[in-house]
Every structure is written in structure tokens, then in C-alpha cells.
1. Please compute the contact order of region 254-314 in relative form: average sequence separation of alpha-carbon pairs under 8 Å and at least six residues apart, divided by the residue count, as a percent.
2. Counting other C-beta atoms within 10 Å, which of Tyr91, Tyr69 has the fewest, and how do the rest follow?
3. Between Thr306 and Ser39, with labels modelled 7 Å along Cα→Cβ, what's the label distance in nm to one decimal, could you check?
4. Which residue, Ala146, Ala159, Ala274, has the most motion in a Gaussian network model of the chain that connects Cα atoms within less than 10 Å?
5. Output needed for region 146-299: three equivalent-ellipsoid semi-axes, defined as square roots of 5 times the C-alpha gyration tensor eigenvalues, in descending order, whole Å.
6. List the extent of the Cα atoms of region 2-249 along each of their three principal axes, largest first, rounded to whole Å.
7. Can you tell me, using C-alpha contacts under 8 Å and at least 6 residues apart, the relative contact order of the chain as a whole percent?
8. Measure up Lys110/Lys189; Lys163/Lys197; Lys7/Lys206; Lys3/Lys88; Lys74/Lys130; Lys3/Lys120 against 22 Å on the Cα-Cα distance and list the ones that go over.
Amino acid sequence: MVKCFIKTGHRLEVIQGLDKLLESKQQKNVIWIDMLRPSRQDIKTIEEMFSVQFPTKQESEEIELSSRYWEEEKRVEINSYFLINSEKNPYNETVSFIMQGKVLFSARYKELGTFNEFSKRFLSSPKEFKDGYEIFCQILDIRIDADADAIEQLSKEIAVLRKHVFTDYTNDDEEILERISEFEDLNMKIRENVTDKQRILTALLKSTIYNTASEDITIMLKDIRSLIEHTNFNFERLDYLQSIFVGMLNIEQNKTVKMFTIVNVIFLPPTLIASIYGMNFALMPELQWKYGYLVAIVLMILSAVTPLYVFRKKGWM
């Protein structure tokens, strides 16, 4: 799907599809072309129409800085991560941007709420955006706000899990360890996402094509530094929580071992007495004694009760 945003003065028009754009003959007024899951033919048509060249999907996903940000003559190419925060498998989806003259081209292969939100803002206040550079900055600013919301939500979930470990712990060890692992994975993806934006904005700040002297990029970089600090703090909290949880597991295991030890100590003396008088040697005088059986039973009971009394008095159980 290809959306073409055409701006004439303060009037904004949205055209769906390249065929309609060709029919309208308003290519010179295009300010933003947003491509969602574009076909190879769509990309080829736009390349021919606007004398622009798009990177392949494989090229856009490379992690070298030269692949994330490239500037030449009147063209800036940017490949930036956008977090897809799915419930079980969060990942970073690469979105490609090309700024050439006043036009912004964006190519993506996933539906992203950031673009929908910006489209609404653009349609409601088209006069606030003069060119593709301002559109790109606003899209990135919205995405940074969304990343901040994701970090805030993650912090709340970590706090809830911490409370559960300390107050409502019910031996659901695997579930808690799985949750900690999921939180660490999400926090790592967020950190990777905002760090990528930091590298891109730092490079854009030095651009010789666009006037980046405004405070917008500086403010976004400050916000990103703050988000990186929060992700570092979340990593520390998760490490601490994992250490505490492992410590509690050790305490629970020690309690179990202690209980088995007490049981062994209690039953060892009666077992010893029963074993001695179960040998049935002919030279054992107690075998012919009238009260031998009762005495053996009493001895076994006393030998079991005495350790219990001693343990309770010393506070060992």
C-alpha cells in the first residue's frame, strides 16, 4: 500500500496508489510517500518517478553506522529500528527513510502505530510541517515517546513481579524465572532500539543538507539519554531481582534439607533400638524377659521424642 501526501500551501491531500498520483500530475507537490509492504514494482516506479534509490531489505537491516545513516549531495538515507512489542516475542523492525529535497520517503513492512498517529496529526495540522525533514523528526519524536511508555510499563511490571516474589511467592519457580527472562529480553530490545536512534540523530545533527540547528534533535537526544539510563536501571533491578529469587530458592531448599535432617535424627535412634532387638541372638537376655517388648517400645518413643524436645528448646525447628 502506498500513500502519497500532497501539500499545496496549507492544503493537504492524500492519494492512495501510484496510478492515481500519476493521473493527478502533482508529483512536484508531494511532501511524503509512505509505503507499507511495497512490491518491487512499487519501489521501481517511485525510483523512476523521483530519481531516488531505495536500499534492499537486507541492506536496511545491516547494523553498521554507514548502513543506518548515509548522506550524499541532496539525499539522506536512514534505517531506523521501531520496536514491535508483541506479548511473547518483542523484536525491532527496520524502517527505511529517504529525505531528498523537501520529500520524505518511508518504506516499512509492518503496521506501526507511530505512522498512524502521525498521519492524524499531519491531516489535522498540515501547516506545521514544511518539508520531509520536519515530518521525519516528528515521526521519530512520536516513536521516542512510545519507547518511553514501553520502558515505564516494563518498570511497573518489574515492580509487580518483585512484590510477588517477596509477598506471594508460592513455589512457581519456572514461571518467575521465565518472566524475568522475558523482561530482560524486552529491556534489551528497547535498549537496542533507543541506542540506534541515538546514533542516527547524532549523525543527523552534523548534516550539511538540512538545518539541524533547531532544538528538536537536541531535545530528542536528551530524551534518549534519559531512556538509556532507565534501561540500565531496569537491567540492574532485574539482576537484583534474579539474585534475590535465587537466594530465596536456596533458603527454601535449605528448609527442605533441614526438615529431612530432623526426620532422620528423630527416626535414627528408634531404628537403632529396633535393629538391635531384631537380631534374635540366643545370648540376648532381654529376649526371654516378660517386659522386654514394652521396654523396647518405650525406649524407641523416648529416643524419638527427646530430639524433638531438644530441637524445639534450642529453636532449631
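Quick note: the coordinates plus some simple rules give every number you see, no bench work behind them. The structure displayed is predicted, hence computed values, not measured ones. FYI the Cβ positions are ideal-geometry reconstructions off the backbone, even for glycines, and counts take in every protein chain you see.
1. Values: 25 pairs, mean separation 29.1, N = 61.
Once divided by the residue count of region 254-314, the mean separation gives 48 percent.
2. On the way: Tyr91 14, Tyr69 22.
So the ranking, lowest neighbour count to highest, is Tyr91, Tyr69.
3. 9.3
4. Fluctuation is largest for Ala274.
5. Numbers: eigenvalues 1014, 30, 15 Å².
Values for region 146-299, descending: 71, 12, 9 Å.
6. In descending order, the Cα extents are 70, 35, 34 Å.
7. Numbers: 330 pairs, mean separation 40.6, N = 317.
For the chain, the relative contact order is 13 percent.
8. Values: Lys110/Lys189 17 Å; Lys163/Lys197 33 Å; Lys7/Lys206 28 Å; Lys3/Lys88 31 Å; Lys74/Lys130 17 Å; Lys3/Lys120 13 Å.
From Lys110/Lys189; Lys163/Lys197; Lys7/Lys206; Lys3/Lys88; Lys74/Lys130; Lys3/Lys120, over 22 Å: Lys163/Lys197; Lys7/Lys206; Lys3/Lys88.
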